[in-house]
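Enquirer: Before I ask anything, here is the structure I am working with.
The values are calculated or read from the model by the stated rules, or taken from the named source; none is laboratory data. If you're wondering where the values come from, they're calculated on a predicted model, not measured in any experiment. All Cβ positions, glycine included, derive from the backbone under ideal geometry; neighbour counts span all protein chains shown.
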């Protein structure tokens, strides 16, 4: 079997790479290899544990790739050498170009009891099914890890009426992304909804006490639960790349600006690839499905077309929803800027996201913008409020990527409608930029 392009990995990067390559050139022979029978939407996993969506609805249809003519192969690649992929089944596939999109693996802490019954790391549909089965008979859950996955899992299980505790090593949940005041707002919301939030501590062991899990914290506190779920992050899956002799960076596979590895014709995209921050130029551990999609398309374009596309670096655009509180962030927060030695100006504003404020479902919206004091370029944004937060962060991520300056945002042309936006004179981006301008 011979392919023009072989993609190894069936997550967001792999799917977008294979699909984009075939759409660009339908005559190409493209194959995608993944290890699992089903591919799932990774960011939707927490919501399938609650009552928001059924787990079957988070499955990515195979037709997304097979529908455009990509060959889908469920198998494991055990070796790649000399433009030949050898599979666990014994099959061999020749290829001209290769994209590694092997993703990441959840981190399980090396503590006693981490491998016991009803203790989970959620990574795919098979593990999701096991977790769901255990939750049918559970009343209480301890979630270890207060990042996005941990907070979202905790929120959804609390919606089910379960007793939920979240354990986080840092002073605040979500602190790797948000500044303190946004973290505190998130924690206040969780506590007000009945979630026990334990920060500045971590799990050091798990004991089984007649079917009940006793989670030992380094603070000396023990938490009791029927189920324990770890959500402490992921690391790049670089095993195959390492066997191939591909150079690895600090956080994954190292590539050039065109996503090509040190082996000509072999590219990498998604969580398996080490990222460079768009603003600082330094390696960053950020891993997001949205970035993986962009990288997948970039790698595909460079692998199979004459149009060379550079990947400019990772901005990092995040959003989450905790009960009815939405939070978003793009670029750098204040703590990150300080660590980089960047002199910055902050602009803030708080408005209602509809006008007048008495409109149905109108919500307060807080926006904070960071500008480089020297150049005036936007380098970061944080916001909290209602559902408008998601697209606001997307817009501000775009502004960061275009290196827009404070003047550009103060004099922004924008739409206005009572049911959809703040007052024409109270556009939050304009107001926050104007506040920063007065301080520069």
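Enquirer: Suppose the filter is buried (at least 22 other Cβ atoms within 10 Å of the Cβ), modelled with pLDDT of 95 or more and part of a loop (DSSP other than H, G, I, E, B); does residue 298 pass it? Explain how you work it out, then say what you get.
Expert: Working: buried (at least 22 other Cβ atoms within 10 Å of the Cβ): yes; modelled with pLDDT of 95 or more: yes; part of a loop (DSSP other than H, G, I, E, B): no.
When the stated conditions are applied, residue 298 does not pass them.
Enquirer: Only one of (1) in contact with a helix residue (DSSP H, G or I) (Cβ under 7 Å, 6 or more places away or on another chain); (2) assigned by TED's automatic domain parsing to the domain that holds residue 261 is not met by residue 277, so which one is it?
Expert: (1)
Enquirer: For segment 137-154, how many residues are assigned to a loop (DSSP other than H, G, I, E, B) and over 14 Å from residue 318 (Cβ atoms)? Can you show your working first?
Expert: In the first step, residues of segment 137-154 are kept if they are assigned to a loop (DSSP other than H, G, I, E, B); the result is 137-139, 145-147.
Subsequent filtering for residues that are over 14 Å from residue 318 (Cβ atoms) retains 137-139, 145-146.
Result for segment 137-154: 5.
Enquirer: Looking at segment 115-130, I want the residues that are within 15 Å of residue 49 (Cβ to Cβ) and have a partner that is exposed (fewer than 13 other Cβ atoms within 10 Å of the Cβ) and modelled with pLDDT under 85 with Cβ atoms under 9 Å, at least 6 apart or on another chain. Which pairs are those?
Expert: Qualifying pairs under 9 Å: 118/211.
Enquirer: Another one. Which residue, of 31, 44, 18, is within 19 Å of the chain's Cα centre (by Cα) and either at pLDDT 95 or above or closer than 30 Å to residue 155 by Cα (or both)?
Expert: On the way: 31 fails: within 19 Å of the chain's Cα centre (by Cα); 18 fails: within 19 Å of the chain's Cα centre (by Cα).
Exactly one of 31, 44, 18 is within 19 Å of the chain's Cα centre (by Cα) and either at pLDDT 95 or above or closer than 30 Å to residue 155 by Cα (or both), namely 44.
Enquirer: If you go through segment 77-106, how many residues are within 29 Å of residue 258 (Cα to Cα) and outside any strand (DSSP E or B)? I'd like the intermediate steps shown before the answer.
Expert: Step one: list which residues in segment 77-106 are within 29 Å of residue 258 (Cα to Cα), which gives 77-87, 92-106.
In the following step, the residues that additionally are outside any strand (DSSP E or B) were identified as 82-83, 101-103.
Adding up the residues that qualify gives 5.
Enquirer: Let me ask something additional. When you check residue 133 against the structure, is it more than 29 Å from residue 290 (Cα to Cα), surrounded by fewer than 18 Cβ atoms within 10 Å (Cβ to Cβ), out of contact with any helix residue (DSSP H, G or I) (no Cβ under 9 Å at 6 or more places or on another chain) and modelled with pLDDT of 95 or more, yes or no? Full working, then the answer.
Expert: Details: more than 29 Å from residue 290 (Cα to Cα): yes; surrounded by fewer than 18 Cβ atoms within 10 Å (Cβ to Cβ): yes; out of contact with any helix residue (DSSP H, G or I) (no Cβ under 9 Å at 6 or more places or on another chain): yes; modelled with pLDDT of 95 or more: no.
No.
Enquirer: Would you mind stating whether residue 164 is part of a strand (DSSP E or B), in contact with a helix residue (DSSP H, G or I) (Cβ under 6 Å, 6 or more places away or on another chain), over 23 Å from residue 287 (Cβ atoms) and outside the structural domain of residue 46 (by TED's automatic domain parsing)? Walk me through it before giving the result.
Expert: On the way: part of a strand (DSSP E or B): yes; in contact with a helix residue (DSSP H, G or I) (Cβ under 6 Å, 6 or more places away or on another chain): yes; over 23 Å from residue 287 (Cβ atoms): yes; outside the structural domain of residue 46 (by TED's automatic domain parsing): yes.
Against the criterion (part of a strand (DSSP E or B), in contact with a helix residue (DSSP H, G or I) (Cβ under 6 Å, 6 or more places away or on another chain), over 23 Å from residue 287 (Cβ atoms) and outside the structural domain of residue 46 (by TED's automatic domain parsing)), residue 164 qualifies.
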